[in-house]
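Novice: Below is a structure I'd like to ask you about.
The values are calculated or read from the model by the stated rules, or taken from the named source; none is laboratory data. Every value quoted in this text rests on a predicted model; they were computed, and no experiment measured them. With ideal geometry, Cβ positions are generated from the backbone for all residues, glycine too; neighbour counts draw on all protein chains shown. Keep in mind that these areas ignore ligands, DNA and RNA; they rest on the heavy atoms of the full protein, side chains included. Shrake-Rupley method; radii C 1.70, N 1.55, O 1.52, S 1.80 Å.
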Amino acid sequence: MADGPVAKRQKLANGIAKPQRKPGSSRLFAPYRTIGLVSPTAVPFTSVPLGKTTFQITTSVGRSLQTYDFRRGLNLVFITRPQTPGPVTASIAWKDKVFGAWSEGGEGGARGAWVFKRGKREAELEIPKEWREDVKAFCIFGGWVIGVCDTTLLVWKSTTYELYTTLQGISPMAFTRCIASLPTFLNKVVVGRHDGSAEIWNVSNGKLIYTVLPPSTAYGAVTAIQPTPALSLVAIAYEKGPLLVHDVRADQTVMQLNTSAGAPITSITFRTDGLGAGDDGQKAGVMATASTASGDVTLWDLNEGGRKAGVLRAAHADPMPAAPGGVSKIEFLSGQHTLVSSGLDNGLKTWIFDHTPFSPIPRILHQRGGHSAPVTKLEFLPSASDGSDDTGKWLMSASHDRSLMAWSLRRDNQSTELSQGAVLSKAKKQGLLSGGSRDSLQDLKCPPITAMACSLNRDGGMGAVPGKHPIWQNAKGKKADAEVSAMTGWESVVTAHARDHKARTWFWGRKRAGRWAFPTSDESPVTSVAMSPCGTFALVGSEKGGIDMFNLQSGLHRQRFPARLTTQQAKQLKLDKHKHGLAEERSEDGKKIFYRGQGKHTSAVVGLAVDNLNKTVISAGEDGKVKFWDFSSGLLRHQLDWSLSTGIAAMRFLRSSDLAAFAGTDGCVRVVDISTYKLIRELWPARTPIAKLQNAVTSDLTFSPDGHWLAASMDSLVLLWDLPTGHLVDAFKLQGLCTSVAFSPTGEYLAIATKDSVGVDIWSNKALFMQVSTRHISAAELAAIIDEHSTQAPTTSGEGGQELITAGEEEEGEDIEDDFLPGLDEGSNLDQLSSDLLSLSLVPRSQWQNLLHLDLIRARNKPIEPPKKPEKAPFFLPSLQNRQATPGAPRPEEATTAAELEQERSRVLKQTREGGRTTFSALLHEAGETRVYAPVIDQLKNLGPAAADIELRSLGTGGDEMLTLVQALTLLLRERRDFELGQAWMAVLLRLHGDLMVNDDALRSAVGEWRDVLDEESKRVARLGAYCSGVVGYLRAARV
């Protein structure tokens, strides 16, 4: 006998050790995917024609490449997997493959170049050993693949992917990322350097052929190189100089075009369909240029010495202090009148030249985009009152770039930005697009969103308030058509904005800005918003403590909290003061006195909510006071004062359970039952203080939809508490500071936004599909998680979560099995957890539901008309019947018919020998003798709806088959297992053979016994439900 506990052996699967969960990773959540990334990096996109019908455009999103189909409206078709070990530094598409170079950075970081086909890694380019330079650009032509590094050109063979040679020049200046092949120049490429020179190399023999020097050394580095449709002409752009069209054969400058100062050209493209130039657009010679320092695209007419034909203003966002911008690349699709552009604002757009009459400026055709600045606020769309299946599908996100995005978690191409009106048209009328600074252009959009609320109960979809209406107006003095809005619905989203005293409304169904802007009564910035569950009222909290309520249908102000007292109410308050002795509280300056029923917040309102019945308004003040107001009268009902111990940073309300959570500045999350005004939980990260969490502030918190969990974010840490026990059951670190968290209404996903990412990380809830550990995390374990340097995060490609799910049966899971399930082996049946519980089966719901309605399904699926005889083939096509058959050989149809007849004859003879019994019938006869009914139930479970219906219809009374089946169903009900299956089978049995059972005494007695057992079980379950309801009501009572 061993002394002490025996060390547990590691579980093996097929002789292989199961993967273990990494320290600091989540127990309950697995990384799912990252949404909102389109073109967030400086790596230019690449395109390739796919046949003669469409083009595929590939962008870089960090460690993955995304491919969009042009003909499908930039629909996402491929995401490369696996993701690269480091960020992608260069990419290029060639035929049906995509080449991507990656780098882990640093002196000792690994580098590589992978080849993908249809999103899957197919091969890898050979890299020199101990290579320390990043591949900045690719060029493919003929049988060569050339990669540009700082001091070296890497040359591979495109057929075998083996390294052919490395090219190094004598110049000490590094290469730029500008490289291009020269059409009709065999094995020649031209590469730019930082000193302004452009070198022509022969990649076959590895020789430097010629160096094109800049006209002046002040021009700076080469920023763009692109060959023109005319042979031997190359366009070269410089960092501080003009754009030159150079003849590399004669080494002469053919054309010089002056560009804007401060915005060096970084991308050049030429239109190749032979149109677009001239006064009528019927000439060739169109060039487009763009810069990463500007969001404009300049179009040039190269005829008659060259001129600027037009400027596509604000094609992408300009660089701003709060968000990056500029155009990273533009490209005319080969032989098309379509221009593709990508920007550092995380956008990909296509433009088409089809204006009538002719215009050199294109219009937008397709666009895909996301946030250009880190996300600050997340909110899942709540469930709609009409019971639509969109629950959990839509996620709203706000960012510092002043945009409000709607993300679809089911179909990526449905994601869109909510419109803020014709911003570019307004800017054009005001002359803002032609100015040197675009700061005023951003002022036409709403300020960054700091809080949002949504209710879909009065959302009218696409038809809400039809027609054109001014956006974000003050409803004072305006008349709204209440009859139209009552029939069609109105706005369903309300947002608060940074340093702005107005809350704005949005149409969710129309995906556009709403009609109203609700100002605060004290003209201080809005700090919080809320909506009533009916979707009619919006509440706005201000920085000075004011709370106002507005009607969303008319836009009018309806109530203040506290309400303004009329003369009669003031007299009544004076009487109540003397009668009941109302308590006094002074304002922040100590001058004004409020009585209970009046007390206004003296600091910023950080949270607002309305209960499920529109009776109570809950507000949380930054000073630590929680107030409960009467919804209709605006008077204060109750107040919780925590101002002596903590302030309040955030608030979340779970309407289904009447629970409100308040994040305190002391690191504690307090949960209050608003029906009893009592504090029911104080949730701390650890019972003993942890030094690294002393100054941590809870940035956001959220309830799970069933109210079982509460998640909160502290710096880069996400904590999850179990509300019934108050235990901390999960904690994991993120790669950046967390700014917002949100649970989906279905409980499937947890959305997380971080400070340094423009995307939204989606995590899947593992508890929905596997057993996970909910053991309490101790202070020592939490400290170890905080000190852990390794983190986990979802990826754009959605990989990485499978291994974590496979590792679900880890140390914690094994502890659960060892501690709580000591006598249960892995192969045991868990159909019934306890004999005292009435359990359902594990059979799919459709199996027994279809059995109940099989007649209706057959009638619905019955063909409307008989099958038609197929049309005869054309006379010139040979048919099998017309061919000369081999003499004596049977025809195929005759052979098939003979085989089928023989098979049928064998089946009939076999049934005759066995007495015509099926497997189910044989099991019934055996169960009638042995009184063991488990095989009968198992066989009936394995049958499909149609097969089970046939077996039940074929039952006979002579052999006591029906009596045995009724006894088996009675035993199943006594054992309290598979309740819904037993009810379905008995319902079908009574419907089919009810007349026979009435006339048979034994069957009638057996069915009566089954009915008595059912009545007894239903009364038992009713008693248990009433007992639980009484206990819950007692615990929720105010006297407890």
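Novice: Enumerate the pairs (first residue in the range 936-948 and assigned to a loop (DSSP other than H, G, I, E, B); second residue anywhere and open to solvent by less than 30 Å² (accessible area, probe 1.4 Å)) with beta-carbon separation below 8 Å, excluding pairs fewer than 6 apart on the same chain, so at least 6 apart or on different chains.
Specialist: Sorted first by the residue in the range 936-948, then by its partner, the pairs are 943/920.
Novice: Assess whether residue 283 counts as being closer than 20 Å to residue 150 by Cα, of a type in the set (D, E, K, R) and open to solvent by 30 Å² or more (accessible area, probe 1.4 Å).
Specialist: Spelling it out, it is not the case that residue 283 is closer than 20 Å to residue 150 by Cα, of a type in the set (D, E, K, R) and open to solvent by 30 Å² or more (accessible area, probe 1.4 Å).
Novice: Step by step: first the residues of the range 499-544, then only those that are among the hydrophobic types (A, V, I, L, M, F, W, C) and open to solvent by 20 Å² or more (accessible area, probe 1.4 Å), then the one that is modelled with the highest pLDDT. Which residue is that? Full working, then the answer.
Specialist: Quick first cut of the range 499-544, residues among the hydrophobic types (A, V, I, L, M, F, W, C) only: 503, 506-508, 513, 516-518, 526, 529-531, 534, 537-540.
From what is left, the residues that are open to solvent by 20 Å² or more (accessible area, probe 1.4 Å) are 534, 537.
Details: 534: 92, 537: 96.
Residue satisfying both the conditions and the ranking: 537.
Novice: Output the number of residues of the range 211-228 satisfying the condition of being part of a strand (DSSP E or B) and either open to solvent by less than 20 Å² (accessible area, probe 1.4 Å) or farther than 28 Å from residue 334 by Cα (or both).
Specialist: 5
Table: residues versus (1) surrounded by fewer than 22 Cβ atoms within 10 Å (Cβ to Cβ); (2) farther than 22 Å from residue 274 by Cα; (3) at pLDDT 95 or above.
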residue	(1), (2), (3)
352	yes, no, yes
355	yes, no, no
358	yes, no, no
372	no, yes, no
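Novice: Continuing with the same structure: Right, residue 23: closer than 24 Å to residue 733 by Cα, open to solvent by 10 Å² or more (accessible area, probe 1.4 Å) and at pLDDT 90 or above or not?
Specialist: Against the criterion (closer than 24 Å to residue 733 by Cα, open to solvent by 10 Å² or more (accessible area, probe 1.4 Å) and at pLDDT 90 or above), residue 23 does not qualify.
Novice: Sticking with this one: Quick check on my filter: what residues within the range 313-335 are under 15 Å from residue 364 (Cα atoms) and either open to solvent by 10 Å² or more (accessible area, probe 1.4 Å) or of a type in the set (Phe, Trp, Tyr) (or both)?
Specialist: 313, 314, 317, 331, 332
Novice: If you take the residues in the range 381-433 that are open to solvent by less than 40 Å² (accessible area, probe 1.4 Å), assigned to a loop (DSSP other than H, G, I, E, B) and polar (S, T, N, Q), which one is modelled with the lowest pLDDT?
Specialist: So, considering only residues that are open to solvent by less than 40 Å² (accessible area, probe 1.4 Å), assigned to a loop (DSSP other than H, G, I, E, B) and polar (S, T, N, Q), the one modelled with the lowest pLDDT is 391.
Novice: Mind checking whether some residue in the range 560-570 is closer than 28 Å to residue 464 by Cα, over 28 Å from the mean Cα position of the chain (by Cα), of a type in the set (S, T, N, Q) and open to solvent by 30 Å² or more (accessible area, probe 1.4 Å)?
Specialist: No, because not a single residue in the range 560-570 is closer than 28 Å to residue 464 by Cα, over 28 Å from the mean Cα position of the chain (by Cα), of a type in the set (S, T, N, Q) and open to solvent by 30 Å² or more (accessible area, probe 1.4 Å).
Novice: Scan the range 93-104 residue by residue and report those that are surrounded by 20 or more Cβ atoms within 10 Å (Cβ to Cβ) and either free of Cβ contacts under 8 Å to residues at least 24 places away in the same chain or in contact with a Pro (Cβ under 9 Å, 6 or more places away or on another chain) (or both). Talk me through it step by step, then tell me what you get.
Specialist: Going through the range 93-104, the residues surrounded by 20 or more Cβ atoms within 10 Å (Cβ to Cβ) turn out to be 93, 98-103.
Correct list: 102, 103.
Novice: Quick one: residue 627 ticks every box in (1) surrounded by fewer than 21 Cβ atoms within 10 Å (Cβ to Cβ); (2) in a strand (DSSP E or B); (3) modelled with pLDDT of 90 or more; (4) not aliphatic (A, V, I, L, M) bar one, so which box is it?
Specialist: For residue 627, the exception is condition (1).
Novice: Also, I was wondering about something else. What pairs come out if I take residues in the range 696-707 that are without any contact (Cβ under 8 Å) to a residue 60 or more places away in the chain and pair them with residues that are assigned to a loop (DSSP other than H, G, I, E, B) whose C-beta lies under 6 Å away, six or more apart or interchain?
Specialist: Listed by first residue and then by second, the contacts come to 696/715; 704/747; 705/745; 705/747; 707/657.
Novice: Filter the range 456-470 for residues that are modelled with pLDDT of 85 or more and surrounded by 16 or more Cβ atoms within 10 Å (Cβ to Cβ) and give the result.
Specialist: Of everything in the range 456-470, those that are modelled with pLDDT of 85 or more and surrounded by 16 or more Cβ atoms within 10 Å (Cβ to Cβ) turn out to be 456, 457, 458, 459.
Novice: Can you name the residue in the range 717-748 that is of a type outside the set (A, V, I, L, M), within 14 Å of residue 663 (Cβ to Cβ) and in contact with a Ser or Thr (Cβ under 6 Å, 6 or more places away or on another chain) and, of all such residues, is surrounded by the most Cβ atoms within 10 Å (Cβ to Cβ)? Spell out the reasoning first.
Specialist: Narrowing the range 717-748 to residues of a type outside the set (A, V, I, L, M): 721-722, 724-727, 730, 732-733, 735-736, 738-740, 743-748.
Add one more test, that the residue is within 14 Å of residue 663 (Cβ to Cβ), and what stays is 721, 738-740.
With in contact with a Ser or Thr (Cβ under 6 Å, 6 or more places away or on another chain) added as a condition, the list becomes 738-739.
Values: 738: 23, 739: 20.
Within the range 717-748, the match that is surrounded by the most Cβ atoms within 10 Å (Cβ to Cβ) is 738.
Novice: Also, quick follow-up: Could you list all residues from the range 396-418 that are closer than 26 Å to residue 70 by Cα and either touching a Cys at 6+ places or on another chain (Cβ under 7 Å) or of a type in the set (A, V, I, L, M) (or both)? Let's see the steps before the verdict.
Specialist: First pass over the range 396-418, keeping only residues closer than 26 Å to residue 70 by Cα: 403-418.
Residues satisfying the conditions are 404, 405, 406, 409, 418.
Novice: Looking at the range 158-185, which of its residues are open to solvent by 70 Å² or more (accessible area, probe 1.4 Å) and free of Cβ contacts under 8 Å to residues at least 40 places away in the same chain?
Specialist: Once the filter is applied, which keeps residues that are open to solvent by 70 Å² or more (accessible area, probe 1.4 Å) and free of Cβ contacts under 8 Å to residues at least 40 places away in the same chain, the range 158-185 yields 159, 160, 162, 164, 168, 170, 172, 173.
Novice: Considering only the range 229-249, state which residues are open to solvent by 30 Å² or more (accessible area, probe 1.4 Å) and in contact (Cβ under 8 Å) with a residue 12 or more places away in the chain.
Specialist: Those that are open to solvent by 30 Å² or more (accessible area, probe 1.4 Å) and in contact (Cβ under 8 Å) with a residue 12 or more places away in the chain: 229, 231, 233, 239, 240, 247, 249.
Novice: Would you please name the residue that is farthest from residue 792 (Cα to Cα), looking only at residues in the range 30-87 that are under 23 Å from the mean Cα position of the chain (by Cα), open to solvent by 40 Å² or more (accessible area, probe 1.4 Å) and among the charged types (D, E, K, R)?
Specialist: 72
Novice: Of all residues in the range 158-197, how many are aromatic (Phe, Trp, Tyr) and in a loop (DSSP other than H, G, I, E, B)?
Specialist: 2
Novice: If you scan the range 688-741, which residues turn out to be over 21 Å from residue 792 (Cα atoms) and among the charged types (D, E, K, R)?
Specialist: Correct list: 706, 722.
Novice: If only one of 133, 107 is more than 30 Å from residue 411 (Cβ to Cβ), open to solvent by 60 Å² or more (accessible area, probe 1.4 Å) and outside any strand (DSSP E or B), which one is it?
Specialist: 107
Novice: Scan 607, 707, 634 and give me the residue that is open to solvent by less than 40 Å² (accessible area, probe 1.4 Å), farther than 24 Å from residue 26 by Cβ and in a loop (DSSP other than H, G, I, E, B). Lay out the reasoning, then the answer.
Specialist: Numbers: 607 fails: in a loop (DSSP other than H, G, I, E, B); 707 fails: farther than 24 Å from residue 26 by Cβ.
Result: 634 is the single residue among 607, 707, 634 that is open to solvent by less than 40 Å² (accessible area, probe 1.4 Å), farther than 24 Å from residue 26 by Cβ and in a loop (DSSP other than H, G, I, E, B).
Novice: Check off (1) among the hydrophobic types (A, V, I, L, M, F, W, C); (2) more than 18 Å from residue 667 (Cβ to Cβ); (3) at pLDDT below 95 for residue 697 and give me the number that stays unchecked.
Specialist: Among (1) among the hydrophobic types (A, V, I, L, M, F, W, C); (2) more than 18 Å from residue 667 (Cβ to Cβ); (3) at pLDDT below 95, residue 697 violates only (2).
Novice: Which residues, counting only those in the range 520-553, are among the small types (Gly, Ala, Ser) and in contact (Cβ under 8 Å) with a residue 60 or more places away in the chain?
Specialist: Listed by number, the residues that qualify are 528, 530, 532, 535, 538, 541, 542, 545.
Novice: Now for a separate question. Out of everything in the range 339-350 that is part of a strand (DSSP E or B) and either without any contact (Cβ under 8 Å) to a residue 60 or more places away in the chain or surrounded by fewer than 19 Cβ atoms within 10 Å (Cβ to Cβ) (or both), what residue ends up being nearest to the chain's Cα centre (by Cα)?
Specialist: 349
Novice: While we're on this one: Residue by residue through the range 186-209, note down the ones that are more than 19 Å from residue 139 (Cα to Cα) and open to solvent by 10 Å² or more (accessible area, probe 1.4 Å). Break it down into steps so the answer makes sense when it comes.
Specialist: Here is the first cut: in the range 186-209, the residues more than 19 Å from residue 139 (Cα to Cα) are 195-196.
The one that is more than 19 Å from residue 139 (Cα to Cα) and open to solvent by 10 Å² or more (accessible area, probe 1.4 Å): 195.
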